[in-house]
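Inspection log for the structure reproduced underneath, given as structure tokens.
FYI, it's all coordinate maths here, none of it is from the lab. Please read all numbers here as calculations on a predicted model, not as lab measurements. Glycine gets a Cβ as well: all are built from the backbone with ideal geometry, and neighbour counts include every protein chain shown.
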Amino acid sequence: MKYLISIKWSNGEKSLVLLTLFLFSFQILLSNTMAGQLGAIEQQGNFLSFVNLGFNQFTSTGIHRILFITAFFILCPKSEALIPQSLVFTASYLVAEWFTIHGFIEPNTYILNSLVMLSIFAIGLENILARKLKVENTRYLLLFLAGLIHGAALGNDLVSSGTSLSKPIATFFSYSLGLISGEILVLGVLFILFGKLLAEKADYKKWIVNPISAALAIFSLYSIFKMLSLTN
């Protein structure tokens, strides 16, 4: 705790930490006042229920999203690299989510989930092969393509849940607000852990980036083979 206090924080970084704490506290209150399960969402169908569902899809049930954000974040966990990477990923998954909710994209669930895990493998492998702790242009292309895949998966989760989508536009905005809130919470926690506590350690890439990226890559390949085996 003393080490955290002694670290110099910019105004933007302080805002991120405060927003992270607020979202964490808000979610605890929200979860205590309404059920976050899909059945309860279907019955309630109000704004906060879809916000809660989106938040849970990105945090408690959306482990794939957490793993992916961890994969792209750890290579260069600085605030100046965080914003553009996050914006590219967020914008692309919102676009794909919109088209999926409105029925323009009808993805195969098994293939889509395999592609989600493949995106984690691709980013993890790029982390290992990277010579410097720097975000290259190819990273943004991967983030854009991965965002489309994750957005289709998030939209497909909502459509497949059987939840009434009688107001698709309102549902999209409330569900997306929950997703973005969950994403900010994950990024805030990762920023504190890696950006402020670990990034300045000696041999950060050797002892932190490479092992974590390798673990994520191996786990993603295992998940792909496991999912594909279920289709046989």
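Scaled to the compact-protein estimate 2.2 N^0.38 Å, what is the alpha-carbon radius of gyration of region 122-165, rounded to two decimal places?
Normalised by 2.2 N^0.38 Å, the Cα Rg of region 122-165 equals 1.65.
When the C-alpha atoms of region 97-156 are aligned to their principal axes, what extent does each axis show, in angstrom, from largest down?
Its Cα atoms span 42, 20, 12 Å along the three principal axes.
Return the sequence-ordered ³J(HN,Hα) values of region 131-142 in whole Hz as given by the Karplus equation 6.51 cos²θ - 1.76 cosθ + 1.60 applied to θ = phi - 60°, using x for Gly and Pro.
With coefficients 6.51, -1.76 and 1.60, one gets 7, 10, 7, 9, 8, 8, 5, 4, 4, 5, 5, 4 Hz.
Past 22 Å, Cα to Cα: identify those pairs from Lys78/Lys206; Lys205/Lys226; Lys134/Lys226, in the order given.
Pairs exceeding 22 Å: Lys205/Lys226; Lys134/Lys226.
Relative contact order of region 73-217: what whole-number percent is it, with Cα pairs under 8 angstrom and at least 6 residues apart?
43
At what distance in nm do the modelled label points of Glu80 and Leu125 sit from each other, each positioned 7 Å from its Cα along Cα→Cβ?
In this crude label model, Glu80 to Leu125 measures out at 3.1 nm.
Place a point 7 Å from the Cα of Lys206 along the Cα-to-Cβ direction; which residues of region 131-172 have their backbone N under 15 Å from it?
Answer for this model: 131-133.
Between Ser229 and Asn137, what is the label-to-label distance in nm when each label sits 7 Å out along the Cα-to-Cβ direction?
Label-label distance for Ser229 and Asn137, simple model: 4.2 nm.
Could you work out the relative contact order of region 98-172, using alpha carbon pairs under 8 angstrom and six or more residues apart, expressed as a whole percent?
Answer for region 98-172 is 54 percent.
With N set to the number of residues, divide the alpha-carbon radius of gyration of region 121-228 by 2.2 N^0.38 Å and report two decimals.
1.32
Pop a pseudo-label 7 angstrom from the Cα along the beta-carbon direction at both Asn46 and Ala91 and give the gap in nm to one decimal.
3.5
Find how much the distance from Phe219 to Leu197 grows on full extension, using 0.36 nm per residue of separation minus their present alpha carbon separation; answer in nm with one decimal.
Gain on extension, Phe219 to Leu197, equals 5.4 nm.
State the extension gain, in nm to one decimal, for the chain segment bounded by Phe104 and Ile169, taking 0.36 nm per residue of separation less the distance between their alpha-carbons.
22.0 nm
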